[in-house]
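Have a look at the structure below, then the notes.
The values are calculated or read from the model by the stated rules, or taken from the named source; none is laboratory data. None of the values given here were measured: they were computed from a predicted structure. Note that we place each Cβ from the backbone using ideal geometry, even for glycine, and neighbour counts take in every protein chain shown. Just so you know, the surface numbers come from the protein's heavy atoms only, side chains and all, with ligands and any DNA or RNA stripped out. Shrake-Rupley method; radii C 1.70, N 1.55, O 1.52, S 1.80 Å.
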Amino acid sequence: MKQYVIPFEEVGMTDVPRVGGKNASIGEMLKGLTALGVRVPGGYATTADAYRDFLSQGGLDARIHAALKDLDVDDVAKLAATGARIRGWVLETPFPERLQSEALAAWRAMDGGRGIAVAVRSSATAEDLPEASFAGQQETFLNVRGEQALLKAMHEVYASLFNDRAIAYRVHQNFDHAQVALSVGVQRMVRSDLGASGVMFTLDTDSGFRDVVFVTASYGLGETVVQGAVNPDEFYLYKPALRAGRPAVLRRNLGAKAIKMVYAEPGSGERVQTVEVPAAERARLSVTDADLVELGRQALAIEQHYGCPMDIEWGKDGTDGRIYILQARPETVQSRVGRTIQRYRLKNRSRVLTEGRSIGQRIGAGPARVIRDVAEMVRVQPGDVLIADMTDPDWEPVMKRAAAIVTNRGGRTCHAAIIARELGIPAVVGCGDATEVVRDGMGVTVSCAEGDAGYVYDGLLGFEQQEIQLDAMPPVPVRIMMNVGNPDRAFTFAGIPHKGVGLARLEFIINRMIGVHPRALLEFDRQDAALKETIRRQMGAWTDPVGFYVGRLAEGISQIAAAFAPEPVIVRLSDFKSNEYANLIGGKQYEPHEENPMLGFRGASRYVDDAFRPCFELECRALKYVRDEMGLTNVQVMVPFVRTVEEGRRVVELLAANGLARGVNDLKVIMMCELPTNALLAEQYLDHFDGMSIGSNDLTQLTLGLDRDSAVVAEAFDERDAAVKALIAMAIAACNRRGKYIGICGQGPSDHPDLARWLVEQGIHSMSLNPDSVLETWMFLAGGKA
């Protein structure tokens, strides 16, 4: 006799044809991963046989087939009418008596008279295949209590196989409607309405970088995260650190978390309701570092078991404090990407209308179509930019028409983000005000090619697209490294052929991720009330001002170091000039006014200054944490703007006093060669340093006595000047005589391929280039054409 109901513990991934991908995966984890500490709530599934027998009653399957046979799913009005008619037929058809009795018997055994709540989920037999993700196509019902409510929810799940979005998706993915069956999963609810929930991926969803677990989290039941109704907290965890039992959190981003979904009040007639999150809770991260480690540990176990990148929904029970895995499926976008990189670059920029989280690393442009209700979807034409508060699976029939998608709400794992990745179109989510500031019909350009932030620009801007075949890169006679300042782009840049990072600037991290002068944080208690409030807002979820500075620095450094490990990442200590430090929050009170800051209080002279030294020590704390605690010993330290040999010696001593001694734990301390004195006395400087990195911009200015920012003398600025090259040649020769590192991280080789070739001839070890010039310079030096 056909089996209609089966416990989760009795199914696994070989049972996808019987119980669908979602339910098969739940059973697989219960059987194979419980012993490894992966906690999955139990329950049972109805089978595909039960569904097919249900459809066979009264010729229902034949009627459905006839209704769908010639349907044009791109005709949104006809799709809606046909879907509604079919769903009506399904709901009118009663369950077979045996299916109903067996489902209720399994429910009673599970309930045990306790009146438990369950989630009733759909699980299609074609879902979660490597070539397509059917996630979110059918319905899920939460906080279902009692027998009649259970049967009603099961019936609704059956009908949801014929939602408009599900019908359209199957057609677009070339799946035969008749070949897709539905299983119902009945799973014990986790009380995440009292805790937190979210989604995690065992890779970076935008770049495909494999060595991280990307976690999103928010308060309450997970539907708000999946739907994109909230902007969640976001985290990156470094897999090698997780495996080694080291601190593993690379990044923490505080989300708005304005609402949460909770159980509805008894007697309200609803199962769940959405409520506002109190301001104090919004200002905190929704999970702890201990929660993140537990999430990461379970994610690693799941990924290892399945042997592929995974998309995982999780919940933290607010009653027992434990993390539970609700479902897991293979990731279906980045895991299919081959050894080709698509690079996009704007040719020019205009006024930014709004910004949010970038999805897809692409650029799209077209007329804006502001859609405020699902009924207006028919207005979206091919090539339009879809602007909406949020999207859900009902929008999918028109999303594929869009050149780009922009939403007010949602994070990087919301519905709009997932579909945009799958369709290969850019999306900017969580803008907050897109539907208000973008006018319907105006031309806009959506750029997701500038890092973590995505921008909506006024007008139709020009952009370039480049395709890189990574397997076709020829050998090159020098180590090609990259200049990376923005940690948000590190995972993407790491996909470009490289030998590490020759220049990671702390200034970008301080300016964009911190934004406050370090002395204002060290002396927080002395600030006036208004400045304290401004700093508190800037700190977000951090409560300790000094911890905020050190922690955010460590996050920025570790994200770049993790992306490029095990190759070296040379981190240059802060090289802000006095006017730049003054522009930070609270900075004006601590900085001198200088007529020429380029030649003033900057670089090494700051570190040995009594007033600034405590700020320098915070940088040391961050670097030491990344290297010694997180285990990212590929981080090397570089000292900028060293005016004298004695100044260099004092800085090296200070580094050692702060736990960053040369040679300890493989630490190399390098200096910038950017003043003529550095090249002229290179042998003496190298008594204290492990090598040099040539900063051709400042070296050219200081050799020729000009300001490259001055329009009057700008034409005289050329790193290929004979005097500049003579100094560079001296530095290269000295480092090679001493057997020490010599590289270049200035703009010169990026701008002038002939200078790059000359540097190779002189014996330079590495060139650190801007990421957008790596491939062109690589091909030039390899003897090919860019």
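Numbers at a glance
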read-out: Condition broken by Leu686, with the remaining ones in (1) on the phi > 0 side of the Ramachandran plot; (2) modelled with pLDDT of 95 or more satisfied; value: (1)
read-out: Every residue from the stretch 654-691 that is aliphatic (A, V, I, L, M) and in a helix (DSSP H, G or I); value: Leu654, Leu655, Ala656, Ala657, Val664, Ala679, Leu680, Ala682
read-out: Residues that are hydrophobic (A, V, I, L, M, F, W, C), within 16 Å of Gly691 (Cα to Cα) and surrounded by fewer than 18 Cβ atoms within 10 Å (Cβ to Cβ), drawn from the stretch 646-663; value: Ala661
read-out: Matching residues, the stretch 454-492, being outside any loop (DSSP other than H, G, I, E, B), closer than 29 Å to Thr354 by Cβ and open to solvent by less than 20 Å² (accessible area, probe 1.4 Å); value: Gly454, Val456, Tyr457, Val484, Pro487, Ala490, Phe491
read-out: Subset of the stretch 372-387 [in contact with a helix residue (DSSP H, G or I) (Cβ under 7 Å, 6 or more places away or on another chain) and within 15 Å of Ala427 (Cα to Cα)]; value: Leu386, Ile387
read-out: Wholly within the stretch 728-786, helices (runs of 4 or more DSSP H) carrying at least 3 residues that are of a type outside the set (D, E, K, R), open to solvent by 60 Å² or more (accessible area, probe 1.4 Å) and within 17 Å of Glu674 (Cβ to Cβ); value: none
read-out: Filtered residues of the stretch 381-407 (kept if out of contact with any Pro (no Cβ under 7 Å at 6 or more places or on another chain), over 24 Å from Arg489 (Cα atoms) and surrounded by fewer than 22 Cβ atoms within 10 Å (Cβ to Cβ)); value: Gln381, Pro382, Gly383, Asp389, Met390, Asp392, Asp394, Lys400
read-out: Selected residue [closer than 29 Å to Glu450 by Cβ and out of contact with any strand residue (DSSP E or B) (no Cβ under 8 Å at 6 or more places or on another chain)] from Leu755, Leu775; value: Leu755
read-out: Qualifying residue in the stretch 579-598 (condition: assigned to a loop (DSSP other than H, G, I, E, B), over 20 Å from Asp488 (Cβ atoms) and of a type in the set (Lys, Arg)); value: no
read-out: Matching residues, the stretch 722-778, being of a type in the set (Phe, Trp, Tyr) and touching a His at 6+ places or on another chain (Cβ under 8 Å); value: Tyr741
read-out: Evaluation of Lys260 against (1) within 18 Å of the chain's Cα centre (by Cα); (2) outside any loop (DSSP other than H, G, I, E, B) (one fails), failing number; value: (1)
read-out: When residues of the stretch 163-180 are limited to those that are part of a helix (DSSP H, G or I) and open to solvent by 10 Å² or more (accessible area, probe 1.4 Å), the one farthest from Pro96 (Cα to Cα); value: His172
read-out: Pairs, first closer than 17 Å to Gly411 by Cα and basic (Lys, Arg) in the stretch 227-252, second modelled with pLDDT under 95 and open to solvent by less than 10 Å² (accessible area, probe 1.4 Å), C-beta under 8 Å, six or more apart; value: Arg251/Pro487
read-out: Single match in Ala529, Ala562, Ala520 (criterion: within 28 Å of the chain's Cα centre (by Cα) and among the aliphatic types (A, V, I, L, M)); value: Ala562
read-out: Failed condition for Ser447, given (1) open to solvent by less than 10 Å² (accessible area, probe 1.4 Å); (2) touching a residue at least 60 places away in the same chain (Cβ under 8 Å); (3) in contact with a helix residue (DSSP H, G or I) (Cβ under 8 Å, 6 or more places away or on another chain); value: (3)
read-out: Residues within the stretch 14-52 that are among the β-branched types (Val, Ile, Thr) and not in a loop (DSSP other than H, G, I, E, B), tallied; value: 6
read-out: The stretch 563-574, subset in a loop (DSSP other than H, G, I, E, B) and either open to solvent by 10 Å² or more (accessible area, probe 1.4 Å) or free of Cβ contacts under 8 Å to residues at least 60 places away in the same chain (or both), residue nearest to Leu203 (Cα to Cα); value: Ala565
read-out: Condition check for Ala520: assigned to a helix (DSSP H, G or I), open to solvent by less than 40 Å² (accessible area, probe 1.4 Å), small (Gly, Ala, Ser) and farther than 23 Å from Gly586 by Cα; value: no
read-out: Those residues of the stretch 616-643 which are assigned to a helix (DSSP H, G or I), open to solvent by less than 10 Å² (accessible area, probe 1.4 Å) and either touching a strand residue (DSSP E or B) at 6+ places or on another chain (Cβ under 6 Å) or of a type outside the set (Asp, Glu) (or both), in sequence order; value: Phe616, Leu618, Cys620, Ala622, Leu623, Val626, Arg627
read-out: Candidate set: the stretch 28-51, residues that are small (Gly, Ala, Ser) and within 13 Å of Val186 (Cβ to Cβ); chosen: the one surrounded by the fewest Cβ atoms within 10 Å (Cβ to Cβ); value: Gly42
read-out: Every residue from the stretch 219-256 that is touching a strand residue (DSSP E or B) at 6+ places or on another chain (Cβ under 6 Å), buried (at least 21 other Cβ atoms within 10 Å of the Cβ) and over 30 Å from Ala565 (Cα atoms); value: Tyr219, Gly220, Leu221, Gly222, Thr224, Val225, Val230
read-out: Among (1) open to solvent by less than 40 Å² (accessible area, probe 1.4 Å); (2) touching a Lys or Arg at 6+ places or on another chain (Cβ under 6 Å), the one test that Gly515 misses; value: (2)
read-out: Restricting the stretch 181-202 to residues that are in contact with a Phe, Trp or Tyr (Cβ under 6 Å, 6 or more places away or on another chain) and part of a loop (DSSP other than H, G, I, E, B), the residue that is surrounded by the fewest Cβ atoms within 10 Å (Cβ to Cβ); value: Ala181
read-out: Members of the stretch 664-676 that are buried (at least 22 other Cβ atoms within 10 Å of the Cβ) and charged (D, E, K, R); value: Glu674
read-out: Unique match (being in contact (Cβ under 8 Å) with a residue 40 or more places away in the chain and within 17 Å of Ile560 (Cβ to Cβ)) among Ile509, Ile535; value: Ile509
read-out: Answer from Leu599, Leu654, Leu667, Leu632 - the residue that is hydrophobic (A, V, I, L, M, F, W, C), over 35 Å from the mean Cα position of the chain (by Cα) and over 20 Å from Pro518 (Cα atoms); value: Leu599
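Matching residues to (1) within 19 Å of Val635 (Cβ to Cβ); (2) part of a helix (DSSP H, G or I):
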residue: Phe508; (1), (2): yes, yes
residue: Asp525; (1), (2): no, yes
residue: Thr534; (1), (2): no, yes
residue: Trp542; (1), (2): no, no
residue: Val546; (1), (2): no, yes
residue: Val550; (1), (2): yes, yes
residue: Ala561; (1), (2): yes, yes
